[in-house]
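Q: Below are the structure tokens for one structure; questions will follow.
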2 protein chains.
Amino acid sequence: MDIKDSLSHNLDSVDRYIRRLTTHSIPAISEISQHLIASGGKRVRPYLVILSSRIFRVPSPVYTRIAAAIELYHTATLLHDDVVDNAKHRRGTPSANDIWGNKSSILVGDFLLASSSSIIAGMGSQELLGLFIRVLGLMAEGELVQLRLSRDPGLSPEDYYTIIKKKTAYLISAACESGPIMGKAPRLQQSRMRQFGLLIGIAFQLIDDNIDYLSPGTTSGKDKGVDLKEGKVTLPLIVALSNAGAKDRAVLKAALKGGPGDGDVFRRVHDIIEKNHGFEYTKKKAADFAHRAVRLLDGLPRSPELEELKKFTLNVTERKA
Amino acid sequence: MDIKDSLSHNLDSVDRYIRRLTTHSIPAISEISQHLIASGGKRVRPYLVILSSRIFRVPSPVYTRIAAAIELYHTATLLHDDVVDNAKHRRGTPSANDIWGNKSSILVGDFLLASSSSIIAGMGSQELLGLFIRVLGLMAEGELVQLRLSRDPGLSPEDYYTIIKKKTAYLISAACESGPIMGKAPRLQQSRMRQFGLLIGIAFQLIDDNIDYLSPGTTSGKDKGVDLKEGKVTLPLIVALSNAGAKDRAVLKAALKGGPGDGDVFRRVHDIIEKNHGFEYTKKKAADFAHRAVRLLDGLPRSPELEELKKFTLNVTERKA
């Protein structure tokens, strides 16, 4: 079996384990969890857990459980975020809150937080558990800061990076650190993997924020242009706000303020960002982070898994949906 | 210092610790948590942690942290429940979701779940941690079952007890079990305290369900009659549904179905429950559970704390708000 096949085999085991964990006598739990799981998703976090675990020779029954737990954490936060954002779609299908209502989404989210914490607590590593619980708190903080600073045209790049680290990158970093933690790797290698994860996590979110404006609505998971609608100030927009002339800037500010906001407003904002190189700059930044991430891997023992991780990292910036 | 003073001193330490834990640079976290904490609440769970810890000679820095964590878990679930229930009031003041909105309430709830899990994980007892995480999942299950079976006039007493155990009694049981766990008490004493907690937790919720109909709105924490408005089928109503004549039963069923529902409907339902001894029966049941709970304490080493716990238990049924 070549490495690609064997990794995809690992991912299948994670999916089967997730399905078992989310099969429950309370219908809302099974239906909502499996709706989200079945609607695809890129399985980025489980994939990183698998790679990082195999690099540090962690046995598969261990990383299968961690990978499942981290995907369920992610699923739980998606459920809560979709309620917070009033999202109508997620991964190209109607969102859980749209089908089952906000109430069930919140509660199934809580249930999944408990289930995944329970798996992590059962792994017997205080360090891993402490890491995950810390990240859970940081993710809530990130969403809260994002909410507070929404629709603020003066959002600084520093604030933006703080938000995306908390809401996205720390969990991806934890996925990457789980391998060296469970494999009892030397501290230096562990801290490289943690830092690697933070950088790839940032790159990942930067590309996501471009995709929100760029991808054709049907292939992307989310509705197109939701960030603008929800008043989320992301890097492409920050760049445009800082580079655009007075007239264009006024258009951007008005769009951020909300109001009717039809497809035409979105089109104009898109064009102003493009004219001011907002997408180009964001993609370039993502590539910078990805390259810095890959360089951190150079100090690690060579293996086919490490090569795959490098390739995966450099491909993050090519993602279109 | 007599025992009453010293227990109230312990509770003050817990409050101070909670205030420290919830002081955060993100304003929503401090404001929402401290709004809920400051608006009173009966501190039932911390009080039970303190008593159960002192019975088993757990040192105060240990139980202060556990008591704070359990109150924050409780606060987190209240935040989520109030969003789920669209509650306008909590403990006599406007609810957090009414002041700060659903979004912040969900996210601060998540943050508090993470903070309290982090405290429990830091206590160094795998058993305590496993217990709390399990209870967290059970509480979400309880709320989900309650949601699914809402407005169902055929709800059986068995289903009702399952719901209140999950949504209320297991967390109170965990509070009572924390003392023997941290005090490394013999298994039999630990299991008595667990069972004691489950029984007092059930008694507590039964009285709560009476209070929802009986207390004058202003002194009670909740709006009066919210259970009926939200379609929650509680024991007083179950009794009335089973004892009432056809005409009264039709009134109850119509009220459960919802619709306009004014003060007059509430008054009629109240009177039908009263006429059919629903409140009386519920209070009697609560007293039965409280007495069974107290008998379980007889096997434990005598101490002033144990006497106080017995008194507290027998008083649960006298609560009016």
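The values are calculated or read from the model by the stated rules, or taken from the named source; none is laboratory data. Remember, predicted model here, so these are calculated numbers, not experimental data. Don't worry about glycine lacking a Cβ; one is built from the backbone with ideal geometry, like all the others, and counts go over all protein chains shown.
Residue-by-condition table, conditions (1) among the β-branched types (V, I, T); (2) modelled with pLDDT of 95 or more:
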site: A:I55; (1), (2): yes, yes
site: A:Y63; (1), (2): no, yes
site: A:N86; (1), (2): no, no
site: A:R90; (1), (2): no, no
site: A:N102; (1), (2): no, no
site: A:L112; (1), (2): no, yes
site: A:I119; (1), (2): yes, yes
site: A:L128; (1), (2): no, yes
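Q: Okay, moving on. Could you please find all residues in the stretch B:62-71 being among the hydrophobic types (A, V, I, L, M, F, W, C) and either surrounded by fewer than 24 Cβ atoms within 10 Å (Cβ to Cβ) or at positive phi (or both)? Write out each step before concluding.
A: Of the residues in the stretch B:62-71, the ones among the hydrophobic types (A, V, I, L, M, F, W, C) are B:62, B:66-70.
Within the stretch B:62-71, just B:V62 meets the criteria.
Q: Hey, another quick one. Only one residue in B:K285, B:K310, B:K253, B:K320 is among the charged types (D, E, K, R), in contact with a helix residue (DSSP H, G or I) (Cβ under 9 Å, 6 or more places away or on another chain) and assigned to a loop (DSSP other than H, G, I, E, B), so which one is that?
A: B:K320
Q: Considering only residues that are part of a helix (DSSP H, G or I), under 26 Å from B:K4 (Cβ atoms) and free of Cβ contacts under 8 Å to residues at least 40 places away in the same chain, which ones fall in the stretch B:17-45?
A: B:R19, B:R20, B:I37, B:A38
Q: Taking A:G183, is it over 28 Å from A:A287 (Cα atoms), touching a residue at least 24 places away in the same chain (Cβ under 8 Å) and among the small types (G, A, S)?
A: Here the answer is yes, as A:G183 does meet what is asked.
Q: Go through the stretch B:70-97 and report how many residues are farther than 20 Å from B:L144 by Cα and either touching a residue at least 12 places away in the same chain (Cβ under 8 Å) or touching a Phe, Trp or Tyr at 6+ places or on another chain (Cβ under 8 Å) (or both).
A: Count: 11.
Q: While we're here: Of all residues being among the polar types (S, T, N, Q) and surrounded by fewer than 21 Cβ atoms within 10 Å (Cβ to Cβ) in the stretch A:122-167, which is farthest from A:L306 (Cα to Cα)? Just the residue, please.
A: A:S150
Q: I need the full set of residues from the stretch A:68-99 which are among the hydroxyl-bearing types (S, T, Y) and part of a helix (DSSP H, G or I), in order please.
A: A:Y73, A:T75, A:T77 - these are the residues of the stretch A:68-99 that are among the hydroxyl-bearing types (S, T, Y) and part of a helix (DSSP H, G or I).
Q: Which one of these is of a type outside the set (V, I, T), under 27 Å from A:D110 (Cβ atoms) and modelled with pLDDT under 95: A:R19, A:R45? Reasoning before the result, please.
A: On the way: A:R45 fails: modelled with pLDDT under 95.
Sole residue among the options that is of a type outside the set (V, I, T), under 27 Å from A:D110 (Cβ atoms) and modelled with pLDDT under 95: A:R19.
Q: Can you tell me how many residues in the stretch B:79-114 are buried (at least 21 other Cβ atoms within 10 Å of the Cβ), more than 10 Å from every other protein chain (Cβ to nearest Cβ) and of a type in the set (S, T, N, Q)?
A: Residues in the stretch B:79-114 being buried (at least 21 other Cβ atoms within 10 Å of the Cβ), more than 10 Å from every other protein chain (Cβ to nearest Cβ) and of a type in the set (S, T, N, Q): 2 in total.
Q: Can you tell me which residues in the stretch A:115-129 are facing chain B (nearest Cβ under 7 Å) and either of a type in the set (F, W, Y) or over 19 Å from the mean Cα position of the chain (by Cα) (or both)?
A: A:S115, A:S118, A:A121, A:L129
Q: Another question, if that's okay. For the condition out of contact with any Lys or Arg (no Cβ under 8 Å at 6 or more places or on another chain) and modelled with pLDDT under 95, what is the one hit in B:L147, B:L136, B:L188, B:L228? I'd like the intermediate steps shown before the answer.
A: Working: B:L147 fails: out of contact with any Lys or Arg (no Cβ under 8 Å at 6 or more places or on another chain); B:L136 fails: modelled with pLDDT under 95; B:L188 fails: modelled with pLDDT under 95.
None of the other options fit; the residue is B:L228.
Q: For the stretch A:45-61, indicate whether the set of residues that are surrounded by fewer than 21 Cβ atoms within 10 Å (Cβ to Cβ) and of a type in the set (A, V, I, L, M) is non-empty.
A: No, the conditions are met nowhere in the stretch A:45-61.
Q: For the stretch A:63-75, check the following and say yes or no: at least one residue is within 14 Å of chain B (Cβ to nearest Cβ) and out of contact with any Ser or Thr (no Cβ under 6 Å at 6 or more places or on another chain).
A: The answer is yes; a qualifying residue exists.
Q: Ok, one more. For A:R45, indicate whether it is more than 14 Å from every other protein chain (Cβ to nearest Cβ), more than 30 Å from B:V145 (Cα to Cα) and of a type outside the set (F, W, Y).
A: Numbers: more than 14 Å from every other protein chain (Cβ to nearest Cβ): yes; more than 30 Å from B:V145 (Cα to Cα): yes; of a type outside the set (F, W, Y): yes.
Yes.
Q: Is the stretch B:165-173 home to any residue that is at pLDDT 95 or above and farther than 27 Å from A:F132 by Cα?
A: yes
Q: Out of all the residues in the stretch B:267-282, which are surrounded by fewer than 17 Cβ atoms within 10 Å (Cβ to Cβ) and either under 17 Å from the mean Cα position of the chain (by Cα) or not in a loop (DSSP other than H, G, I, E, B) (or both)? Please lay out each step first, then the result.
A: Of the stretch B:267-282, the ones surrounded by fewer than 17 Cβ atoms within 10 Å (Cβ to Cβ) are B:267-268, B:271, B:274-275, B:277, B:280.
B:R267, B:R268, B:D271, B:E274, B:K275, B:E280, listed by residue number.
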